[in-house]
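Where a number appears in this text, it was derived from the coordinates with a stated rule and is not lab data. Everything quoted here is computed from the prediction, not taken from an experiment. Neighbour counts are summed over all protein chains in view; Cβ atoms, including those assigned to glycine, are modelled from backbone coordinates with ideal geometry.
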Amino acid sequence: MSSSTLYTNPSAKSWTYSYETDISPAQAFHNRLPGYEQTPLIPLYDLAEQLGVGAVFVKDESSRLGLPAFKILGASWGTFRAIAEQTGLSLNMSLRDVSEAAKKAGTILFAATEGNHGRAVARMGKILEIPTRIFMSRFADQETCQKIEGEGAQVTVIPGSYDDAVAAAFAESRRVSTGLLIQDNAFEGYERIPAWIVEGYSTLLLEIGEQLEAQGLRPTMIVTPIGVGSLGHAVVAFCKSGGRQIGVLTVEPETAACLQHSLRAGERSTIDTSATIMNGMCCGSVSPISWPVLSRGVDASIVVSDLECHESVQYMQDCGINAGPCGAATLAAIKKAASMGLSLQTNSVIVLVNTEGARAYPLPSSYVAAKASDRAGS
Ligand SMILES: Cc1ncc(COP(=O)(O)O)c(C=O)c1O
């Protein structure tokens, strides 16, 4: 690990992105999903004052389409597009038509997951009434497996890592002629569905733009967690397109900082990871389709510890936000980046993406030790 955890790329400020495809059909599709509504954008006045900026908002994805994470936005659009292609349907077909076509074709959905993505794919299987098979690594916990099974999916825990689970899901999906792998990270020969998943996340960004515009504001910086970088890809694409020049700050766990490692190396590279409370961000490499966008469009990247993340979970929850570790990591990130000299202005409007709802996790050992010594001292 480098001695400095803040990495900046000054050339990202003027870098621009053009969407290769129109993203509005994804938003229109989400609008048609049962229970769709914009997630809240919550102001954090005290934090804005502390940081000396105009405003800080949390885009709260702790409840999105009835699930406790943003992932359903990508999984739903990726699944819909893949089935539409498999069955020759157009993109303005209703969910009912897609369900009928998928059932007739015998479509089976496959995915590998650490939790949230697999549950989202399983939810799509449930909505479309088609079978779903989810693969998880040996680190899978019983509660997560049960939640995915609760969506009606069949869960297989394999003895290997997350990457081995992806390989298993891919192999199984190929064994069935009507199998569709809905995966949120790309690999050689498998790029289109992950690209649709990235496109699906753009709805979250369009909502931020609309919600701030309604208050006469525009974002100047968006802070996003990074796992395989698909969400970060969508964030950069939005921030650097359409005449917008919004700064992007990414955050990763110190035990799995694959993006920052790659940014420093100047090439996409794979790192060894170890456990973190930021489960969904525990990834050893960035998705190959996202690297070209992230490497050019991320303005700043920071790495946070489990302790810093845990303290931010507590802060957000004290503010009444139902934040989990991956989402609260964005708060730890902006505070740490500001203390390390990241340039912020009095008119900055910063948006933190809280990607998941509160969940149980093991308390960081440094936190437990500090509490124990407090108790011993009092
Ligand atoms: C809650 C949560 N936040 C952030 C991420 C990171 O997203 P990505 O893997 O697209 O970088 C994930 C990924 O699983 C997640 O589950």
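Where both residues lie in the chain, what percent of DSSP beta bridges are antiparallel, nearest 5?
So the antiparallel bridges amount to about 20 percent of the total.
What is the distance in Å between the Cα centres of segment 9-81 and segment 261-319?
First find each Cα centre; the distance between them is then 18 Å.
Give the Rg/Rh ratio for segment 169-320, taking Rg as the radius of gyration of the Cα atoms and Rh as the Kirkwood radius, to two decimals.
Using Cα coordinates only, the ratio equals 1.00.
May I ask for the equivalent-ellipsoid semi-axes of segment 1-122, computed as the square root of five times each C-alpha gyration tensor eigenvalue and listed largest first in whole Å?
Calculated on Cα positions only, the semi-axes equal 35, 19, 17 Å.
Considering segment 254-313, what Rg and Dmax in Å follow from its alpha-carbon atoms?
Taking only Cα atoms of segment 254-313, I get Rg and Dmax of 11.9, 33 Å.
Hey, what angle do you get for helix 365-377 against the long axis of the chain, alpha-carbon based, 0 to 90 degrees rounded to 10?
Roughly 40 degrees, rounded to the nearest 10.
So, counting K/R as plus one and D/E as minus one, what does the shell of residues with Cβ under 11 Å around Thr39 add up to?
-2
In the Gaussian network model of the chain, springs joining C-alpha atoms below 10 Å, which of Phe187, Phe238, Phe170 carries the largest mean-square fluctuation?
Phe187
Tell me the label-point distance for the pair Arg175, Glu188, using the 7 Å Cα-to-Cβ offset, in nm and rounded to one decimal.
Roughly 2.4 nm, to one decimal.
At q = 0.23 Å⁻¹, work out log10 I(q)/I(0) for segment 72-183 with the Debye formula, treating every Cα as an identical point scatterer and leaving solvent out; two decimals please.
Summing over Cα pairs of segment 72-183 leads to -1.22.
Please report the net charge: other residues with Cβ closer than 14 Å to the Cβ of Ser161, K and R +1, D and E -1.
-3
Could you tell me how many degrees, from 0 to 90 and to the nearest 10, lie between the Cα long axis of helix 306-318 and the main elongation axis, the longest principal axis, of the Cα atoms of the chain?
Compared with the principal axis, the helix lies near 90 degrees.
Bins of 20 Å, beginning at zero and ending with the bin holding the largest distance: percent of Cα pairs per bin for the chain, please.
30, 59, 11, 0
Between Ser94 and Asn31, what length in nm is gained on full extension when 0.36 nm per residue of separation is reduced by their alpha carbon distance?
The span from Ser94 to Asn31 would gain 21.5 nm if fully extended.
When only alpha-carbon atoms are used, what values of Rg and Dmax, in angstrom, describe segment 263-377?
16.1, 52
Sum up the charges of everything whose Cβ sits under 14 Å from the Cβ of Leu294, counting Lys and Arg as +1 and Asp and Glu as -1, but leave Leu294 out.
+1
So for Val251, Val176, fewest C-beta neighbours within 10 Å to most, what's the order?
Val176, Val251
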